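One structure is given below, encoded as structure tokens.
The values are calculated or read from the model by the stated rules, or taken from the named source; none is laboratory data. Quantities reported herein were computed from a predicted structural model and do not represent experimental measurements. FYI the Cβ positions are ideal-geometry reconstructions off the backbone, even for glycines, and counts take in every protein chain you see.
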């Protein structure tokens, strides 16, 4: 859980830097921006779903939750 929170916050900081400093918005840095958005999705959706399943001992999110998480 702590890993997800740290990941979420650090990626928000990365995106904030790109918003503040427009000279960093290059084609190459677009990859970093996309990775930050993707990682926010994983840490905001994937980690909590996995943690809840681990704590409960079984999968409780059904077929749709399974597809969202990528299995």
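Descriptive notes on the structure:
- Within the range 28-50, restricting attention to residues that are out of contact with any helix residue (DSSP H, G or I) (no Cβ under 9 Å at 6 or more places or on another chain) and at pLDDT 95 or above, the residue that is farthest from residue 69 (Cα to Cα) is 30.
- Odd one out for residue 3, checked against (1) in contact with a helix residue (DSSP H, G or I) (Cβ under 9 Å, 6 or more places away or on another chain); (2) modelled with pLDDT of 85 or more: (2)
- Candidate set from the range 6-19 (those that are under 12 Å from the mean Cα position of the chain (by Cα) and touching a residue at least 12 places away in the same chain (Cβ under 8 Å)); member that is farthest from residue 39 (Cα to Cα): 12
- Total residues in the range 1-29, condition closer than 30 Å to residue 51 by Cα and outside any helix (DSSP H, G or I): 1
- Residue check, residue 55 surrounded by 11 or more Cβ atoms within 10 Å (Cβ to Cβ), at negative phi and assigned to a helix (DSSP H, G or I): no
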